[in-house]
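The values are calculated or read from the model by the stated rules, or taken from the named source; none is laboratory data. Everything numeric in this text was worked out from a predicted model, so none of it was measured. Counting neighbours? That spans all protein chains shown, and the Cβs are built from the backbone with ideal geometry, glycine included.
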Amino acid sequence: MNISSILYKKPGELFNKLAKSKWMQKNLEQGVSDSERFAAAMLVTSIVSKDLVNCAFYTTQSYNNQKIPEEKRKFVAALDLMNGIIMVGGQLLIGKVIDAKVTPKLLSKFTGTIKDAKGVEKTVNNKALLHPDNIKEMAQKAAKNLDLKIDDKMTEKIVKNVTKLCKEPFAKGFGLFAAAIATTAIVKRTIAPLLSTPLAGWFKEKFMDKGKKPEINKDTIEIESKVLAPSYSKTKDNKQEHKLIKAA
Amino acid sequence: MSKVESVVPKYQQMSGLNHGQINYASRQSFSGAAPGADDAVKKITQAIVGEITEKTGVLGKIYKFLADKDGEIQSQAINALFTTTLAPIMIAWNPFSKQDEKTKKYTALRQPVSAAIAMTGGLGMTIATNYYMNKMACEGYIANVDARIEPTKDYLKGKFKQDYKAASDKKEFLEKCNPESIKGDKFSPNGKPTKKYLDACFEGYSDKVKKERKNLFTALIGEHPDNIEIKGDSEIWVKGEKLAQKIPNLETDTQLKAYIKEHNLHVNNKLFEKIKTEMKNLKPNAEIKEVAKKFMSNKIKRMGKDFSNFNKYAGILFNLFMVGITCTALNWAYPRFVEKFFPHLAKDDNPKKDTIQKGGK
């Protein structure tokens, strides 16, 4: 077996199987027919998939960190898990809502059209900036200003060109912008940091401390204080970690 | 009589078309626009695009930028942007957290460090993935998203650099790429080509390669295998005419036959049914081979788009491997970073009261 076979031929066969799969074909079809929504969906998929792996990685790492006393270790792992669940679940949920409800409605203010449940585009405002009727009107005005004559066929071509150059990038960029703000800015970086700490305490008491007396809040806070820093580093020479473990 | 042959005349009878007939009159009528019409369309389109751009303002520019730069690097950049800006604020001023201010700041600092490491690792992995996937698709290793006929810009740039370095006479190589003269200097005083000239030469090189391969692809459609052969130094000859040379993995007869089979370049029943659907949009007496060529050229375009979208999935997949590495790197780098640049935050004044808040990685 030569190097080209190892590096390209065999992986190429695997990738080809993936590319041929029904699931991938369906997604690639959407990538062509509805590139605006596809781009936003890919953004959410990319961020969420990494968060999922991150969550699994951090939770396992914390739970198996022998330097943290067992009782305290559970809280750290619970915190990592809660953080991951809020991020992954929240982003998927809000991503879906934004894609299905919010983006089409906000976008229709510019495009003047909205898709119904069957996927058929309906006009809601033909005076909207990027609506074909408005583009036709703009074409007539531009032709008059430039002293040019245009017929119906040319007008159709202008509408097609303007749609390709303005409407499609606008809709795609808008979808990406809405998805980024809703998922990353709101869920991942605002809601998750706010809620993960109190939820971790609840999770630990409810699911990890079975058969033990419930701990008072003061203790939970103390646990938090003593053990969270060590999970940031497993290195032996980390002074911060040693100090905190000693204190615990 | 083969199945294909039995179907073709039947359909031609229906459409009143004799096999091989080319109706030039009808083909001319497709593009038969009034003189100057294209120019008028172009001018009016430009005027409207300008007007819309002005009306949509800064937001419109942001949306266009996002749409143009869509991909794995963009998703990493967006993630890094909010990790650096929003996350530290939410941690430092978290109303549900009972930690002291110093600890909050200590924890909040983790976010920009995390973003920098994730971005560096992610960027490196994305660049490497793009290179690898481009090579795979543009050299025909992934049949379903085969981009050999319309190679991607990134791949062609790499090839251009390779060929330029390998050329014994570099000036002659560039002249061949870009015979059209460009405005301004082609070479700087030290004899090196200017960036403008190199860019123009790359455009010429890219157009030449794409044109050559598209011609080959179109020539292969419906062609009898006896008329296609590989000669000398991986040259592809169709009907006694040399059409292309050294296309990756199209260098032997076996590879060429496999390619023709894989992409249904012979008009078979399945393709013929698709073409019939396509024919509905065309003049009734358009020639079948011409329509097949149009159909296949659409297929080339589609394969290019499919590869671009497929590459996004590959980017995510490869980057998932990177996550483990960046997590470990963060664990190593973060305490050291704080100790070095913010020693007062790393100092543990009163560990009993000290608390750390996590959230948002």
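Within region A:148-163, identify whether any single residue is touching a Gly at 6+ places or on another chain (Cβ under 6 Å) and modelled with pLDDT of 90 or more, and answer yes or no.
Checked against the condition, which is being touching a Gly at 6+ places or on another chain (Cβ under 6 Å) and modelled with pLDDT of 90 or more, region A:148-163 yields no hits at all.
Conditions (1) buried (at least 21 other Cβ atoms within 10 Å of the Cβ); (2) modelled with pLDDT of 90 or more; (3) not in a loop (DSSP other than H, G, I, E, B), marked per residue:
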{"position": "A:Ile6", "(1), (2), (3)": "no, no, yes"}
{"position": "A:Lys10", "(1), (2), (3)": "no, yes, yes"}
{"position": "A:Phe15", "(1), (2), (3)": "yes, yes, yes"}
{"position": "A:Asn27", "(1), (2), (3)": "no, yes, yes"}
{"position": "A:Ala40", "(1), (2), (3)": "yes, yes, yes"}
{"position": "A:Val44", "(1), (2), (3)": "yes, yes, yes"}
{"position": "A:Ser49", "(1), (2), (3)": "no, yes, yes"}
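In region B:304-329, how many are out of contact with any Phe, Trp or Tyr (no Cβ under 8 Å at 6 or more places or on another chain) and farther than 14 Å from B:Met133 by Cβ?
Residues flagged as out of contact with any Phe, Trp or Tyr (no Cβ under 8 Å at 6 or more places or on another chain) and farther than 14 Å from B:Met133 by Cβ within region B:304-329 amount to 8.
Is there a residue being modelled with pLDDT of 90 or more and over 29 Å from the mean Cα position of the chain (by Cα) anywhere in region B:67-79?
no
A quick yes/no check of all residues on (1) among the aromatic types (Phe, Trp, Tyr); (2) at pLDDT below 90; (3) in contact with a His (Cβ under 7 Å, 6 or more places away or on another chain); (4) within 30 Å of A:Thr197 (Cβ to Cβ):
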{"residue": "A:Met82", "(1), (2), (3), (4)": "no, no, no, yes"}
{"residue": "A:Val88", "(1), (2), (3), (4)": "no, no, no, yes"}
{"residue": "A:Thr103", "(1), (2), (3), (4)": "no, no, no, no"}
{"residue": "A:Lys109", "(1), (2), (3), (4)": "no, no, no, no"}
{"residue": "A:Val120", "(1), (2), (3), (4)": "no, yes, no, no"}
{"residue": "A:Ala139", "(1), (2), (3), (4)": "no, no, no, no"}
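Scan region B:107-127 for residues that are in contact with an Asp or Glu (Cβ under 9 Å, 6 or more places away or on another chain) and either facing another protein chain (nearest Cβ under 10 Å) or under 13 Å from B:Phe337 (Cβ atoms) (or both) and report the count.
1
Output the residues belonging to region A:152-200 that are facing chain B (nearest Cβ under 7 Å) and among the small types (Gly, Ala, Ser).
Listed by number, the residues that qualify are A:Gly173, A:Ala180, A:Ala185, A:Ala192, A:Ser196.
Can you tell me which residue among A:Gln30, A:Gln66, A:Gln61, A:Gln25 is facing chain B (nearest Cβ under 9 Å), out of contact with any helix residue (DSSP H, G or I) (no Cβ under 6 Å at 6 or more places or on another chain) and without any contact (Cβ under 8 Å) to a residue 24 or more places away in the chain?
A:Gln25
Can we say A:Ala143 is more than 9 Å from chain B (Cβ to nearest Cβ) and either touching a strand residue (DSSP E or B) at 6+ places or on another chain (Cβ under 8 Å) or assigned to a helix (DSSP H, G or I) (or both)?
The answer is no for A:Ala143.
Which residues, taken from region B:95-106, are without any contact (Cβ under 8 Å) to a residue 60 or more places away in the chain and either touching an Asp or Glu at 6+ places or on another chain (Cβ under 7 Å) or more than 12 Å from every other protein chain (Cβ to nearest Cβ) (or both)?
Residue satisfying the conditions is B:Glu101 alone.
Output yes when any residue across region A:42-64 is within 30 Å of B:Glu262 (Cα to Cα) and either among the basic types (Lys, Arg) or under 25 Å from the mean Cα position of the chain (by Cα) (or both), and no when none is.
Yes, region A:42-64 contains a residue that is within 30 Å of B:Glu262 (Cα to Cα) and either among the basic types (Lys, Arg) or under 25 Å from the mean Cα position of the chain (by Cα) (or both).
Can you tell me how many residues within region B:70-94 are surrounded by 22 or more Cβ atoms within 10 Å (Cβ to Cβ), farther than 18 Å from A:Met87 by Cα and touching a residue at least 40 places away in the same chain (Cβ under 8 Å)?
Qualifying residue count for the region: 1.
In this structure, does A:Lys101 turn out to be within 24 Å of the chain's Cα centre (by Cα) and either more than 27 Å from A:Asn161 (Cα to Cα) or of a type in the set (Lys, Arg) (or both)?
Considered against the rule, which asks whether it is within 24 Å of the chain's Cα centre (by Cα) and either more than 27 Å from A:Asn161 (Cα to Cα) or of a type in the set (Lys, Arg) (or both), A:Lys101 comes out as yes.
Taking strands (runs of 3 or more DSSP E) that do not extend beyond region B:162-248, which have at least 3 residues that are under 29 Å from the mean Cα position of the chain (by Cα)?
Per the criteria, B:235-238, B:241-245.
How many of the residues in region A:117-129 are assigned to a loop (DSSP other than H, G, I, E, B) and either basic (Lys, Arg) or more than 7 Å from chain B (Cβ to nearest Cβ) (or both)?
So the count comes out to 9.
If you go through region A:106-116, how many residues are closer than 27 Å to B:Val41 by Cα and part of a loop (DSSP other than H, G, I, E, B)?
So the count comes out to 1.
Looking at B:Tyr63, B:Tyr106, B:Tyr131, can you tell me which residue is among the aromatic types (Phe, Trp, Tyr), over 24 Å from the mean Cα position of the chain (by Cα) and assigned to a helix (DSSP H, G or I)?
Only one candidate passes the filter, namely B:Tyr106.
Scan region A:178-185 and tell me whether some residue there is surrounded by 21 or more Cβ atoms within 10 Å (Cβ to Cβ) and free of Cβ contacts under 8 Å to residues at least 24 places away in the same chain.
So far as region A:178-185 goes, no, none of its residues is surrounded by 21 or more Cβ atoms within 10 Å (Cβ to Cβ) and free of Cβ contacts under 8 Å to residues at least 24 places away in the same chain.
Six or more apart or on different chains, Cβ under 9 Å: which pairs go from a residue in region B:331-344 that's among the small types (Gly, Ala, Ser) to one that's part of a helix (DSSP H, G or I) and at pLDDT 85 or above? Could you list them?
As it stands, the answer is B:Ala333/B:Val113; B:Ala333/B:Ala116; B:Ala333/B:Ile117, since those pairs meet every condition given.
Hey, can you tell me all the residues within region B:136-151 that are surrounded by 20 or more Cβ atoms within 10 Å (Cβ to Cβ) and within 8 Å of chain A (Cβ to nearest Cβ)?
B:Met136, B:Glu139, B:Tyr141, B:Ile142, B:Asn144, B:Val145 - these are the residues of region B:136-151 that are surrounded by 20 or more Cβ atoms within 10 Å (Cβ to Cβ) and within 8 Å of chain A (Cβ to nearest Cβ).
Can we say A:Gln91 is polar (S, T, N, Q), under 21 Å from B:Lys55 (Cβ atoms), within 12 Å of chain B (Cβ to nearest Cβ) and assigned to a helix (DSSP H, G or I)?
When the stated conditions are applied, A:Gln91 does not pass them.
Tell me which residues, restricted to region B:251-300, are of a type in the set (S, T, N, Q) and either at pLDDT below 65 or closer than 11 Å to B:Gly222 by Cβ (or both).
B:Asn264, B:Asn268, B:Asn269, B:Asn281, B:Asn285
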